[in-house]
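Enquirer: Next up is a structure, given as C-alpha cells.
Values in this text are rule-based calculations from the coordinates and carry no lab data. For clarity, every value in this text was computed on a predicted model and none was experimentally measured. Here the Cβ is made from the backbone with ideal geometry for all residues, glycine too, and neighbour counts use every protein chain on show.
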Amino acid sequence: MSLFDDADMPQTHSQVLARKWRPRDFASLVGQAHVVKALTHALTEKRLHHAYLFTGTRGVGKTTIARILAKSLNCEIGITPTPCNTCEACREIDAGRFVDLLEIDAASNTGVDDMRQLIENAVYMPTAGRYKVYLIDEVHMLSKSAFNALLKTLEEPPAHVLFILATTDPQKILPTVLSRCLQFNLKQMPPADIVSHLTHILGEEGVVFEPPALHMLAKGAQGSMRDALSLTDQAIAFSSSNITLEAVQDMLGTTDGAQIEAILRALVAKDGVALVNLAAQMAERSTSFYDATLELAQALYRISLAQVVPDARPDDYQLAALVSELAPQLGADEVQLYYGIVTSSREQLHLAPDAQAGFTMILLRLLAFAPAKEGASPPKK
C-alpha cells in the first residue's frame with residue numbers, strides 16, 4: 001500500500017516540444033523538400049549510396065533526417081520511403097536504443113583510436129536490422145588521422161554498412177572524404193514555415209497565442225526549427241501558456257514595432273531629444289541594441305523599396321502602414337544615407353563605451369548627416 005495519495009505522487013515531466021514533435025517520417029518533415037525528394041527516390045528505386053553527408057546550421061534537421069533514413073532501411077516491411085513507425089525496429093530507433101544505429105559524437109570522439117574501434121566493428125553483420133547505420137555528428141571535429149582511418153572504410157565499405165555524416169562546417173572536412181559522400185546541404189527554415197509549424201503545434205497543445213508573437217519567435221530562431229521550438233517552450237513558461245507579443249519581446253529583449261516607429265518619426269521631425277530619450281528607454285527594457293540596429297535597417301530598407309520600386313513592396317511587414325506614410329516625407333537619397341550609416345555603424349557597436357552609448361551615437365549620426373546637395377562645392381582641403 002502506498003504511503004502517498006495519487007495527488008501527492010511526483011508527476012512526470014512533459015516532453016519538451018522539440019522532442020515531442022520530432023518528425024518520425026519524411027511526410028511530417030517541415031522544409032528540406034530537395035533532400036526528401038532525393039532520398040525518397042533512392043529508397044523507392046533501391047539505389048542507395050554507402051555514405052551520405054548532411055550539412056547545415058544547427059536545428060535544421062540533419063539528425064532527424066538521418067534517423068528517418070535509418071528507419072527506412074531497417075523497417076520490418078522492407079526498404080521503404082514510408083517506414084511503418086510501429087514495428088520493433090522503428091520504435092527502437094525512435095527511442096534511441098536500436099542496436100544497429102550507432103550515433104557517434106565526433107566532438108568527444110576525435111581520436112584515431114576511437115575511429116579504428118568503430119571501423120573494426122563495422123565488418124560484423126547487423127544484429128537486429130538490415131543495415132548497420134553509423135551516424136557521425138559534427139564529423140568536422142575529427143582529427144586528420146581519424147579522417148584517414150575513416151577514409152579506407154569509405155572507399156571499400158561492407159555491403160551491410162551505411163555511413164551518415166553530419167556537420168555544421170563542411171569546409172573542415174578533407175576533400176578526399178567529401179568526394180566519397182553524397183552531399184546534401186540543408187537549408188535554413190523560412191520564417192513562414194516556422195510560423196505555420198508553431199501554429200499547428202500550439203493548436204494541438206491547446207496553448208493560446210497571438211500570431212505576431214509567433215512571427216517574433218520565428219525571427220529569433222534564425223532559421224532553426226529546433227531553436228524555434230525551444231524558444232516556444234520558454235515562451236509558454238514565461239507567459240503562463242498565453243503567448244503574447246509583449247511577453248515574447250520581454251523574454252527575448254527584442255525591439256518592438258512601436259520603438260522603431262518612434263525612432264523614425266523623431267528622425268523625420270529632427271527631434272534629437274526624443275531620439276536620446278528613446279535610446280534610454282530601450283536600455284531600461286534591456287533591449288538588444290544590436291538587434292535594434294537590424295530592425296532599424298530593415299525599416300529603412302522597406303522605405304527605400306517603397307520609394308524606388310513601389311510595386312515590389314511586400315505587404316506583410318509589421319510597419320507597412322508606417323512605411324507608406326513616411327516614404328513620401330523622406331528623400332530617397334536621405335534613406336540611402338541613413339541605411340548606410342546604420343549598417344556600417346552596427347559593426348562598431350562593440351567598440352562603444354557601452355551598448356546604449358553606441359546606439360545613441362548611431363541615432364545622432366542620422367541626425368547630423370545629410371546627403372550632399374546637388375551642385376555643392378566639395379569641402380576645401
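Enquirer: Along the charge dipole of the chain, Cβ charges K/R +1 and D/E -1, which of Leu217, Val268, Val36 sits furthest on the positive end?
Expert: Of Leu217, Val268, Val36, it is Val36.
Enquirer: Would you mind ranking Val177, Val273, Val342, Val123 so that the residue whose beta carbon has the fewest other beta carbons within 10 Å leads the list?
Expert: Ascending Cβ contact count within 10 Å gives the list Val273, Val123, Val177, Val342.
Enquirer: If I take the Cα coordinates of the stretch 17-185 and project them onto the principal axes, what are the three extents in Å, biggest first?
Expert: Dimensions of the stretch 17-185 along the principal axes of its Cα atoms: 40, 33, 31 Å.
Enquirer: Report the full-extension gain for the segment Ala27 to Thr199: residue separation times 0.36 nm, less the Cα-Cα distance, to one decimal in nm.
Expert: Numbers: separation 172, 0.36 × 172 = 61.92 nm, distance 1.79 nm.
So the chain would gain 60.1 nm between Ala27 and Thr199.
Enquirer: Which pairs break 24 Å Cα to Cα here: Lys62/Lys219; Lys132/Lys152; Lys20/Lys132; Lys219/Lys270? Walk me through the numbers before you get to the answer.
Expert: On the way: Lys62/Lys219 21 Å; Lys132/Lys152 17 Å; Lys20/Lys132 26 Å; Lys219/Lys270 31 Å.
Over 24 Å apart, Cα to Cα: Lys20/Lys132; Lys219/Lys270.
Enquirer: Where a Cα-Cα gap under 15 Å defines reach, which aspartates and glutamates qualify for Lys37, not counting those fewer than 8 residues away within the same chain?
Expert: Asp25, Glu45
Enquirer: What distance in nm separates the two pseudo spin-label positions at Arg365 and Ala321, each 7 Å out from Cα along the beta-carbon direction?
Expert: For the pair Arg365/Ala321, the computed spacing is 3.2 nm.
Enquirer: Full-extension gain between Arg47 and Asp291, please, as 0.36 nm times their residue separation minus the C-alpha to C-alpha distance.
Expert: On the way: separation 244, 0.36 × 244 = 87.84 nm, distance 4.66 nm.
Difference between extended and current length: 83.2 nm.
Enquirer: Only one of the listed values, (i) 5, 25, 36, 26, 7, 1; (ii) 5, 23, 31, 25, 12, 3, 0, 0; (iii) 4, 18, 22, 20, 17, 13, 5, 1, 0, 0, was derived from the coordinates as P(r) over Cα pairs in 10 Å bins from 0, in percent; which label is it?
Expert: After the calculation, the listed value that fits is (iii).
Enquirer: Next question. Assign unit charges at the C-beta atoms only (+1 for Lys and Arg, -1 for Asp and Glu), then state the dipole size of the chain relative to its Cα centre in Debye, rounded to the nearest 20.
Expert: Numbers: 33 positive and 43 negative charges, 288 e Å.
Approximately 1380 debye in magnitude.
Enquirer: Expressed as an acute angle from 0 to 90° and rounded to the nearest 10, what is the orientation of the C-alpha long axis of helix 355-368 relative to the principal long axis of the chain?
Expert: Roughly 50 degrees, rounded to the nearest 10.
Enquirer: Once you compute Rg and the Kirkwood Rh from C-alpha atoms, what is the Rg to Rh ratio for the stretch 257-368? Walk me through the numbers before you get to the answer.
Expert: Details: Rg = 13.4 Å, Rh = 14.1 Å.
On the Cα set of the stretch 257-368, Rg over Rh gives 0.95.
Enquirer: Does the stretch 196-329 come out rounded, prolate or oblate, given a ≥ b ≥ c as the square roots of the eigenvalues of its C-alpha gyration tensor, rounded meaning a/c under 1.5 and, failing that, prolate meaning a/b above b/c?
Expert: Numbers: a/c = 2.56, a/b = 1.53, b/c = 1.68.
Oblate, because a/c is 1.5 or more while a/b does not exceed b/c.
Enquirer: Still on this structure, please answer the following. Compute, for the stretch 191-252, the length of the dipole vector about the Cα centre, with Cβ point charges of +1 (Lys, Arg) and -1 (Asp, Glu) only. Units Debye, rounded to 20.
Expert: Working: 2 positive and 8 negative charges, 27 e Å.
That gives the stretch 191-252 a dipole magnitude of about 120 debye.
Enquirer: Among Phe238, Phe289, what is the fewest-to-most ranking by other Cβ atoms within 10 Å?
Expert: Working: Phe238 16, Phe289 23.
Fewest-to-most Cβ neighbours within 10 Å comes out as Phe238, Phe289.
Enquirer: Could you work out how much longer the chain between Glu246 and Ser108 gets when fully extended? Use 0.36 nm per residue separation minus the Cα distance between them, nm to one decimal.
Expert: Values: separation 138, 0.36 × 138 = 49.68 nm, distance 4.06 nm.
That pair, Glu246 and Ser108, stretches by 45.6 nm at full extension.
Enquirer: Using Cβ counts within 10 Å as a stand-in for footprinting exposure, how do Lys270, Lys62 rank, fewest first? Spell out each step's value before the answer.
Expert: Working: Lys270 10, Lys62 26.
In order of increasing Cβ crowding within 10 Å: Lys270, Lys62.
Enquirer: A further question follows. Answer rounded, prolate or oblate for the stretch 153-252, using the Cα gyration tensor with square roots of eigenvalues a ≥ b ≥ c: rounded when a/c is under 1.5, else prolate when a/b is larger than b/c, else oblate. Kindly include the intermediate steps, with their values, before the conclusion.
Expert: Working: a/c = 3.69, a/b = 2.79, b/c = 1.32.
The shape class here is prolate.
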